[in-house]
Amino acid sequence: MTNFKFQPIPLNCILENSCIKMSYPVIYIMGVSGSGKTTIGKLLSQKTGYPFYDADDFHSIENKAKMNAGIPLTDEDRQPWLDGINNFVVEANKKHPVILVCSALKQRYRERLSESIEDNCQWIFLEGDFNTILGRLNSRADHYMPASLLQSQFAALEIPQDANRIDIRKTPDEIIQTIRTKLKS
């Protein structure tokens with residue numbers, strides 16, 4: 001007799017052309033610098049067990065140096081960064097769910113990040129006003145993104161129409177509860 005171990009099929013499997021294809025969620029948490037993306041992403045990861053990734057970790061040394069010097073990134077600076085993130089998420093998503101935090105300020109950035117995995121993506125927009133976020137940035141230490149670049153982020157921000165919008169004035173626990181409720185619907 002052969003040893004056979006039963007492996008249950010996750011509920012989020014999709015039957016496609018008589019082959020089973022795994023489909024895992026990709027949760028992108030977006031917003032300007034200082035909106036709380038990393039805090040919320042890590043907390044959501046703890047609550048769901050989904051792996052957490054930060055798009056800041058994908059920036060080149062040159063991009064980080066530019067931002068640290070107070071120079072906003074151009075679309076040309078961002079393109080290889082966006083491509084690298086998308087390639088990583090597409091591959092990771094074949095194996096497991098993903099939570100990734102990223103500014104994703106423009107619609108075309110979000111489209112690039114979602115490319116090839118559109119049906120799996122859920123977007124969460126952490127929304128706040130300039131003064132609230134500026135206060136947060138001014139109290140933050142050890143981050144390469146200076147508060148002086150916040151205005152350029154707000155100028156570049158294209159408010160997403162297809163994202164779940166969350167007010168950052170809520171507590172982190174309230175934000176997580178709101179996100180979990182919206183993701184279930």
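The values are calculated or read from the model by the stated rules, or taken from the named source; none is laboratory data. Since we're looking at a predicted model, the values are computed, not measured. Note that we place each Cβ from the backbone using ideal geometry, even for glycine, and neighbour counts take in every protein chain shown.
Taken over the range 147-165, the criterion of being among the aliphatic types (A, V, I, L, M) and surrounded by 12 or more Cβ atoms within 10 Å (Cβ to Cβ) is satisfied by 147, 149, 150, 156, 157, 163. Taking the stated definitions as given, is residue 97 free of Cβ contacts under 8 Å to residues at least 24 places away in the same chain and surrounded by 13 or more Cβ atoms within 10 Å (Cβ to Cβ)? No: the conditions fail for residue 97. The C-beta contact set for the range 58-74 (first residue within 10 Å of residue 148 (Cβ to Cβ), second residue modelled with pLDDT of 85 or more, distance under 6 angstrom, 6+ apart or interchain) comprises 72/152. Can you confirm whether the range 110-122 contains a residue that is farther than 17 Å from residue 40 by Cβ, surrounded by 16 or more Cβ atoms within 10 Å (Cβ to Cβ) and out of contact with any helix residue (DSSP H, G or I) (no Cβ under 7 Å at 6 or more places or on another chain)? Yes, the range 110-122 has at least one match.
All conditions in (1) within 27 Å of residue 68 (Cβ to Cβ); (2) part of a loop (DSSP other than H, G, I, E, B) hold for residue 161, with the sole exception of (1).
Contact map, the range 129-141: residues that are in a loop (DSSP other than H, G, I, E, B) paired with residues that are among the charged types (D, E, K, R), Cβ distance under 9 Å, separation 6+ or inter-chain. Pairs shown: 129/169. Of all residues in the range 43-57, how many are more than 11 Å from residue 100 (Cβ to Cβ) and either without any contact (Cβ under 8 Å) to a residue 12 or more places away in the chain or acidic (Asp, Glu) (or both)? Result for the range 43-57: 2. Scanning the range 149-166 for residues that are within 25 Å of residue 177 (Cα to Cα) and out of contact with any Lys or Arg (no Cβ under 7 Å at 6 or more places or on another chain) returns 159, 161, 162, 163, 165, 166.
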